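Below you'll find the structure, written out as structure tokens, and then a few comments.
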Amino acid sequence: MLYKAISKTLAVVIVAIVIIAIVAGVAIYMYYLTPRGPTKLVFIVIGKSVHPYWSVVEAGVKKAGQELGVDAIFWVPSKEDVPAQLSTMDSYIAQKVAGIAIAPSDPGAATPYINKGLQQGIPVITIDTDAPQSNRLVYLGTGNYKAGWLAGLVAWQLAKEKGYIKPGATIKVAMLTGSLTAMNSLERMAGFKHAIMNCSVKDPDIKGNINIVWLGPYNDQEDPTQALNLALSVLQANPDLTIAFGVYAYDGPAWAKALKQAGFPPGKVILVEFDVTSDNVPPLVEGYALATIGQRQYFMGYYGVKLLYNMTKYGVEQALKQFIPGYPNNKIYDTGVDIVSTKHIEFTAPTGEKIIVLSLDEYKTLAQKLGIDPSLLGLS
Ligand code: BGC
């Protein structure tokens, strides 16, 4: 009796083991047989701060990702944040992503991270602002010295038209920026300053006979609240301010808001902004900002991802040769800028350059031609 019961239990156990083995075997067989697509390539683009400017870069990143069928991830800190940028980059290096584009807020601090990524076989490029001391493969973005220079030429012209530039006059020029380490900020300010100083010497009506008082640069660390407070305090201390320069995208709007709050009539201070975004267009339309330098940041995102992808597909050297004019001697791709105002203006600067300022409508048409949706730029 007992023997019979034991052998019955044993039989049940054996049958159960056989069934489990068959099910597991089939599952393993199915797992290896099921066709799976190759895992998607992952590319990372690291920006500098939350702003409509960067949303346009992101749109370019996403568009390239869609076209290529890859994962194109865009990341920004809320305001200038060097440690957050670098720890994010480090974690993506550890994940062995297929390529990284970064806009380093501090090129010196970013250099070891950029080089580390490259040493581990990950292509790394810079966009928007460069880190030329690093081994980054290429910089894709605005030529910022030149762009700042253009801003300075326009500021001089507009100030002259207003009657502020006269022999023996004193003019006050203030610069508000979001970084004192990022190269784009430093280059823009240098270009702007040199342009105004050159104009003061070369303008035949002035010949150096003018006193220029430089205020700042004031650093708001890409924080709009700080930018507004700084602009307000500069205006309070200098009600006779002649020229205000908004070095980063939200600096122009911060100046405009401060001018409005402090009761300045639109156009009294010559405000020149950077960028054409939903944040920068209203100060132009209201007359507080008189011109802006429009970057083509959509292409920093779009071509950034495309170039990194080509590097993984055709090899780094081949991709760079195809993409960068003059490579390997040249490792910079200038995405270009446009000068924009509410109306079309043409003039010859005292430095001899012929300058064309596009109206908002002309700029909208240009954006459409380039394949950028104007509503992304705040132009409806
Ligand atoms: C600059 C960026 C900056 C952005 C935000 C742009 O003009 O190119 O580096 O992060 O403004 O304000």
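Cα convex hull of the chain: how many Å³ per residue?
195
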Q. If the viscosity is 1.306 mPa s and the temperature 10 °C, what translational diffusion coefficient in µm²/s does Stokes-Einstein give for region 245-347 when Rh comes from Kirkwood over Cα pairs?
A. 100
Q | Cα-based helix-to-principal-axis angle, 297-314 vs the chain, degrees rounded to 10 | A | 40
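Restricting to bridges with both residues inside the chain, how much of the DSSP beta-bridge set is antiparallel, in percent to the nearest 5? Walk me through the numbers before you get to the answer.
Working: 8 of 45 bridges.
About 20 percent, rounded to the nearest 5.
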**Q.** Helix-only [θ]222 nm of the chain, DSSP H runs n ≥ 4, -39500 (n - 2.57) each, per residue, nearest 500
**A.** -15500 deg cm²/dmol
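Kindly sort ASP279, ASP205 by accessible area of their heavy atoms, largest first, with the probe set to 1.4 Å.
On the way: ASP279 50, ASP205 90 Å².
From most accessible down to least: ASP205, ASP279.
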Q: For region 231-380, give the magnitude of the charge dipole about the Cα centre (Cβ charges: +1 Lys/Arg, -1 Asp/Glu; no others), in debye to the nearest 20.
A: 340
Q: Using the charge dipole of the chain (Lys, Arg: +1 at Cβ; Asp, Glu: -1 at Cβ; taken about the Cα centre), state which of PRO265, GLN368, LEU137 has its Cα farthest towards the positive end.
A: LEU137
Q: With no solvent and one equal point scatterer per Cα, compute the Debye intensity ratio I(q)/I(0) for region 54-170 at 0.15, 0.17 Å⁻¹ and report its log10, rounded to two decimals.
A: -0.74, -0.87
Q. If you roll a 1.4 Å probe over the chain with all protein chains in place, what percent of the accessible area is carbon or sulfur?
A. 59
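Of all alpha-carbon pairs in region 125-270, indicate the percentage at a distance above 24 angstrom. Each step should come with its number before you reach the end.
Values: 3564 of 10585 pairs.
I get 34 percent for the Cα pairs in region 125-270 exceeding 24 Å.
Could you put ARG188, ARG296, ARG136 in order of accessible surface area, largest first, with the 1.4 Å probe and the full protein assembly present? It would help to have the intermediate numbers written out before the result.
Working: ARG188 5, ARG296 55, ARG136 25 Å².
My answer, sorted largest first, is ARG296, ARG136, ARG188.
Any of LYS40/LYS331; LYS260/LYS369; LYS193/LYS306; LYS257/LYS331 with alpha carbons more than 30 Å apart? Name them for me.
Numbers: LYS40/LYS331 28 Å; LYS260/LYS369 35 Å; LYS193/LYS306 35 Å; LYS257/LYS331 39 Å.
Flagged as over cut-off: LYS260/LYS369; LYS193/LYS306; LYS257/LYS331.
Could you tell me which GluC sites (Glu not before Pro) in region 33-106 are loop residues by DSSP with no more than 15 other beta carbons within 10 angstrom of their beta carbon? Please list the in-between numbers first.
Working: sites: GLU58, GLU67, GLU80; in loops: GLU80.
In loop regions of region 33-106 (DSSP not H, G, I, E or B), there are no sparsely surrounded GluC sites (Glu not before Pro).
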(Q) For region 128-170, compute Rg over Rh where Rg is the Cα radius of gyration and Rh is the Kirkwood radius from the inverse mean 1/r over Cα pairs. (A) 1.29
Q: Identify, among VAL357, ASN330, TYR314, the residue whose Cα sits farthest towards the positive end of the charge dipole of region 301-380, taking +1 on the Cβ of Lys and Arg and -1 on the Cβ of Asp and Glu, with the dipole about the Cα centre.
A: TYR314
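Take the Cα atoms of region 216-305, build their convex hull, and give its volume per residue in Å³.
Values: hull volume 8.4 nm³, N = 90.
So the per-residue Cα hull volume is 93 Å³.
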Q: Find how many whole Å separate the alpha carbon centroid of region 246-316 from the alpha carbon centroid of region 179-205.
A: 18
Q: Give a residue-ordered list of calculated ³J(HN,Hα) values for region 331-338 (Karplus: 6.51 cos²θ - 1.76 cosθ + 1.60, θ = phi - 60°; whole Hz; x for Gly, Pro).
A: 10, 10, 10, 7, 7, x, 9, 10
(Q) Please compute the per residue accessible area over the chain with all protein chains in place, 1.4 Å probe, rounded to a whole number of Å². (A) 45
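The values are calculated or read from the model by the stated rules, or taken from the named source; none is laboratory data. Since the model is a prediction, treat every value here as computed from it, not as a measurement. Cβ coordinates were reconstructed from backbone atoms using ideal geometry, including for glycine residues, and neighbour counts include every protein chain displayed. For accessibility, only protein heavy atoms count, side chains too; no ligands or nucleic acids. Shrake-Rupley method; radii C 1.70, N 1.55, O 1.52, S 1.80 Å.
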